[in-house]
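Chemist: Pasting in a structure now, in structure tokens, and then I'll have a few things to ask.
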Amino acid sequence: MAIRERLSGNEAVAYAIKQINPDVMPAFPITPSTEIPQYVANYIANGEIDTEFIHVESEHSAMSATLGASAAGARALTATSSCGMALMWEELYVAASDRLPIVLALVNRALTGPININADHSDSMGARDSGWIQIYAESNQEVYDNFLQAFPIAEDARVHLPVMVCQDGFITSHGVENILLVEDEKVKELVGEYHPEHFLLNGKEPMAVGPYAVSNYYMETKRAQREAMKNAKEVILELAARFEEMTGRHYGFFEEYRMEDAEYVIVIIGSAAGTCKAAIEKIRQTTGKKVGLCKIRVFRPFPEEELAEVLKDRKAIAIMDRSEMFAATSGPLGAEVRAALQSAKSQAEVVNYFYGLGGRDITVEDFERVYERLEQIAETHVIEDMYDYIGLRSRD
Amino acid sequence: MENTYNFKEIMSREERLAPGHRMCAGCGGTVAVRAVLRALHPEDRAVVGNATGCLEVSSFMYPFTAYEDSYIHNAFENAGATLSGVETAYRVLKKKGKINDTFKFITFGGDGGTYDIGFQSLSGAMERGHDMVYVCYDNGAYMNTGTQRSSATPQYADTTTTPAGKVSNGKVQVRKDLTAIMAEHHIPYAAQTTFTSNFKDIHTKAERAIYTPGAAFLNVMSPCPRGWGYDASELMTICRLAVDTCYWPLYEVTDGKWMLNYVPKKKLPIEDFLRPQKRFKHLFKPGNEELLVQFQKEVDKQWELLRRRCEA
């Protein structure tokens, strides 16, 4: 029987770590992810897990030590947010290129400038080209479930890539929700023991990691990473199927909510999907208008074809970005979803919104206005502002 | 720990850095690596770490590695943190009974990767007390990128970012005393060495560093023929002059006790060390006599400070 609990998102991730009992966790505190290493340190202090904690002096060293431990043959992970991840930047690329199955518990927080401790996706979206698998969550339940699936995805021989398990800072990391925990023995069955094929501490076969590769070889390593990322799609779905069998909870690349007949669709990542769902229910009950939601769970690898297939025949689509990329055009999600629709020769009208930067609230009413605008655009085929903001303070 | 040093036995040990790497002739870095790895007991295994630098790009160019042992290069500034992860993995996997072999952990970094960009990562690894040895092969500048100044570069050295010119005498500042800084981390063992005639000093120190439980730091002066401007065949002469002028004293700090390992019978003037090196050529131009006086004063000051620490 699943265990009913009430946990914050951070505690849920920490509990998943406890159940997995990994070998090495180097970590450096940063708001809002700090609680994760704190919980783990408590489990260690009370003899509840065998994990070795490394009290590194920075996030760069956190990822460096995680990488060293993983290359040595250990199941290794770390947790961070925002600037902590920015400091790891260089190491994110090294970890992916070294093909190490590291898991990073990322609690999304705005990057500094100005300093801000609240949720947006600028940290992980900035790292979208680093070669990491990225899995996002709407709720505490989802981040817990995603975390349990992360190591088996990363360690699969077809993949061998690091995985970033993302949740929205404070909104889910600190918000306490009802949650169903998976029994320990089932977690062990899902995650299994880690037996790497090649590792530094293999007495029978020395191994060298991190070569200098000149132009004759570098390009093939990138191509190999791309193949692994393509393979990851299959493995992510396999894990989701195993997980569903175990728990009854269904996961895919994205969640389709009231999409069966939806004409006006919002595409979004993370916790704001919950608010959007409330707006959908309200609109459908009061007006009967056909509104729906596509919530991205897996952003890397990007489910281009699958997403386009679901979206291409809708009347109008709003893509919601919780981070900037300062192209002076789209946000990152906007650019990629539009490219997917273009490939599928979709005729749907598309607009792109920026919302929730630095933790700015988004409300049910905000989503209602977005759906109203989509309906209007579908009728008039006039889009005055392709790239718009939600909740921005006015000049007066 | 053995007190006897059997030159023949030590030198006939199997090389753990295979020939065929791409380091320059007369490079001190390569000699340092071979000498340190020779101190591993032949039956023990090692994971060798490496900061980005000459050594890394010349000894592990895909698809060839020069290391007989397991090896990991990660990036420039994180050799300390990377090996601390490897060492921690070793402890936990050993505890869980997943591995049986005995491994030692040795990482190499140049002075750029150690004194400067990797200083924080090194300090963290030493402070946490991982059972590992950090070896700095100190050639006194960023040699891999073409002899730019580092905080290990001696005062007045002509480098590509502190060139001697019409209104410049080379590097302005004196060097950072990293060995002392590492000793002040209160690690069980920190030592400074270079290549002496029979390699006893570096061998003994490497062995102590490797086999003393806990964190150890070894600073090996490793001359660079290109950056320093000496003939490749003069490597050993340069090292002898560094030691006999007290520019690079041989000493060790064991559990907080400072000990000088060598006091020259006759302390040579610093000119003897500087003159054979092109990077100090400008110091010997007429009118620059005062710079040599200043250099000598700095050497004397540091030597006296070290002697006082060792007598205390």
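Chemist: Output the residues belonging to region A:144-189 that are touching a Leu at 6+ places or on another chain (Cβ under 8 Å) and among the acidic types (Asp, Glu).
Modeler: Within region A:144-189, A:Glu177 is the sole residue that qualifies.
Chemist: Would you kindly identify the strands (runs of 3 or more DSSP E) lying entirely within region A:298-396 that contain at least 2 residues that are under 17 Å from A:Cys276 (Cβ atoms) and touching a residue at least 12 places away in the same chain (Cβ under 8 Å)?
Modeler: By residue number, A:316-321, A:349-354, A:387-389.
Chemist: Considering region A:86-105 alone, what residues qualify as being within 13 Å of chain B (Cβ to nearest Cβ) and not small (Gly, Ala, Ser)?
Modeler: Hits for region A:86-105 are A:Leu87, A:Met88, A:Trp89, A:Glu90, A:Glu91, A:Leu92, A:Tyr93, A:Val94, A:Asp98, A:Leu100, A:Ile102.
Chemist: Hey, does region B:97-107 have a residue that's out of contact with any Ser or Thr (no Cβ under 8 Å at 6 or more places or on another chain), facing chain A (nearest Cβ under 7 Å), assigned to a loop (DSSP other than H, G, I, E, B) and touching a residue at least 24 places away in the same chain (Cβ under 8 Å)?
Modeler: Looking through region B:97-107, at least one residue is out of contact with any Ser or Thr (no Cβ under 8 Å at 6 or more places or on another chain), facing chain A (nearest Cβ under 7 Å), assigned to a loop (DSSP other than H, G, I, E, B) and touching a residue at least 24 places away in the same chain (Cβ under 8 Å).
Chemist: Another one. For the structure I just gave you, tell me whether B:Ala89 is within 13 Å of chain A (Cβ to nearest Cβ) and either within 19 Å of A:Val56 (Cβ to Cβ) or of a type in the set (A, V, I, L, M, F, W, C) (or both).
Modeler: yes
Chemist: Any residue in region B:195-217 that is over 22 Å from B:Arg307 (Cβ atoms) and modelled with pLDDT under 95?
Modeler: Yes, the conditions are met somewhere in region B:195-217.
Chemist: What are the residues in region B:123-135 that are facing another protein chain (nearest Cβ under 10 Å) and not small (Gly, Ala, Ser), if any?
Modeler: Across region B:123-135, the qualifying residues are B:Glu127, B:Arg128, B:His130.
Chemist: Hey, another quick one. Just wondering, is there one or more residues in region A:227-249 that are in contact with a helix residue (DSSP H, G or I) (Cβ under 9 Å, 6 or more places away or on another chain) and not in a helix (DSSP H, G or I)?
Modeler: Yes, region A:227-249 contains at least one residue that is in contact with a helix residue (DSSP H, G or I) (Cβ under 9 Å, 6 or more places away or on another chain) and not in a helix (DSSP H, G or I).
Chemist: Would you point out which residue out of A:Thr221, A:Thr286 is of a type in the set (Ser, Thr, Tyr) and under 30 Å from A:Glu372 (Cβ atoms)?
Modeler: After ruling out the rest, the residue left standing is A:Thr286.
Chemist: If you scan region B:45-62, which residues turn out to be facing chain A (nearest Cβ under 7 Å) and part of a loop (DSSP other than H, G, I, E, B)?
Modeler: Scanning region B:45-62 gives B:Phe60, B:Tyr62.
The values are calculated or read from the model by the stated rules, or taken from the named source; none is laboratory data. In this text, all values refer to a predicted model and were calculated from it rather than measured experimentally. Glycine gets a Cβ as well: all are built from the backbone with ideal geometry, and neighbour counts include every protein chain shown.
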